Amino acid sequence: MSEFQRINSQRENFASIVRSAVLAPSSHNTQPWRFQIADRSISLYADRTRALAVNDPDDRELAISCGCSLLNLRVAAAHAGFSAKVEVLPDHNDGDLLARVNLEQAGASISSDAKLFAFIKGRRTYRKRFDSKPVPDSVMRALSDYATEERAWLVRVEPEEKRQEVAGLVAEGDAIQWADPGWRRELAAWMHPRRRGDGLTVPGFVAPVARIIVRTFGMGNRIGAKDIGLANASPLVAVLGTDGDDVVDWLNAGQALERVLLHARKHGLQASYLNQPIQVASLRPKLAQLLGVRGFPQILLRLGFPVDELPPSPRRSLDEVLESS
């Protein structure tokens, strides 16, 4: 093989790894990431043109979303036979460069990360009600351990009285967000037909009317009641958090979240989010106090066994997110 052929083959391998990285979850399915391929590395950048200025003013969830993508990248690299060394925030002069992943060919791998690759494509954000089947305590303990691997923590919301209080915070967050015209406009702006490749998917013929309704009407009470029902009916409600609350912690939270989600999928579980008490700044310390934790809640999620299979959320093309150095 010529050097030119070797470089091309390497870039194709790296591009394939990025194809898996972009299957990570993100707020409003904004997919706020860009990737740059070099000879021996893949760099992950924040795409702040896709930030949610109202819902996520500090780009906290943007960084968490990129952290999820970074974990997928690590898993896909292990599956492809590469060892990965991650440098977080490698350039203090470029705040958009969140991580550089240095890759070396390591041959066939049977590492735990490589084994997770099979679950990347099957992960979904499942917004429906779950089956009533309980999540075994052993699975919850394992998921908590996986979060710890990424310098985060995962705690179950229990007993039932505490879950109801958390559900109340979710409803309170719904009321605050839906009362904000700017928040409604931002939400409506990300309601897209599937062909767009991003955003919250709405049937094409419905999208214009749906956006008008969301922009115009505060539906906090109705949405809040629905979310209370989802929280109370879910087999497992948990909070993922970190000891600190800066960009590195947010990236760790994203990697921990995706590791938890992939392992959950391995056990037949799916998840969705009730992040309102974390997105509304005034409610976040109340959630931490209710949980009895000293750290910072980053994600409030519900997990359970799905009753049906959902199609994957749309994704932008590789050309839109990938560039070469």
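The values are calculated or read from the model by the stated rules, or taken from the named source; none is laboratory data. Note that this is a predicted model, so its numbers are computed, not measured. Using ideal geometry, Cβ is built from the backbone for each residue, glycine included, and neighbour counts are taken over all protein chains shown. The accessibility values were calculated without ligands, DNA or RNA, using every heavy atom of the protein model including side chains. Shrake-Rupley method; radii C 1.70, N 1.55, O 1.52, S 1.80 Å.
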Identify, from the list 247, 237, 214, the residue that is closer than 30 Å to residue 116 by Cβ and open to solvent by less than 20 Å² (accessible area, probe 1.4 Å).
237
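What do you reckon, is residue 135 open to solvent by less than 20 Å² (accessible area, probe 1.4 Å) and not in a strand (DSSP E or B)?
On the way: open to solvent by less than 20 Å² (accessible area, probe 1.4 Å): yes; not in a strand (DSSP E or B): yes.
So residue 135 fits the description; yes.
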Sole miss for residue 53 among (1) in a loop (DSSP other than H, G, I, E, B); (2) touching a Lys or Arg at 6+ places or on another chain (Cβ under 8 Å) is condition (2)
Selected residue (only one of 28, 79, 92 is open to solvent by 10 Å² or more (accessible area, probe 1.4 Å) and closer than 22 Å to residue 320 by Cβ)
28
From (1) aliphatic (A, V, I, L, M); (2) surrounded by fewer than 21 Cβ atoms within 10 Å (Cβ to Cβ); (3) not in a loop (DSSP other than H, G, I, E, B), pick out the condition that doesn't hold for residue 23.
(3)
Can you run down the residue pairs with Cβ atoms below 6 Å, 6 or more apart or on separate chains, where the first is in region 196-216 and among the charged types (D, E, K, R) and the partner is open to solvent by 20 Å² or more (accessible area, probe 1.4 Å) and modelled with pLDDT of 90 or more?
198/316; 211/191; 215/184; 215/185
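At pLDDT 90 or above, open to solvent by less than 70 Å² (accessible area, probe 1.4 Å) and charged (D, E, K, R): does that describe residue 195? Let's see the steps before the verdict.
Working: at pLDDT 90 or above: yes; open to solvent by less than 70 Å² (accessible area, probe 1.4 Å): no; charged (D, E, K, R): yes.
No; evaluated as a whole, the condition is false for this residue.
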Expected output for region 221-239 (first residue closer than 30 Å to residue 141 by Cβ and touching a residue at least 12 places away in the same chain (Cβ under 8 Å), partner open to solvent by less than 20 Å² (accessible area, probe 1.4 Å) and of a type in the set (Ser, Thr, Tyr), Cβ below 9 Å, 6+ apart or cross-chain) is 230/272; 234/272
Give the residue, chosen from 87, 61, 12, that is free of Cβ contacts under 8 Å to residues at least 24 places away in the same chain, outside any loop (DSSP other than H, G, I, E, B) and closer than 30 Å to residue 284 by Cα.
87
Scan region 179-188 and tell me whether some residue there is crowded, with 20+ Cβ neighbours inside 10 Å and either at pLDDT below 95 or in contact with a Phe, Trp or Tyr (Cβ under 6 Å, 6 or more places away or on another chain) (or both).
no
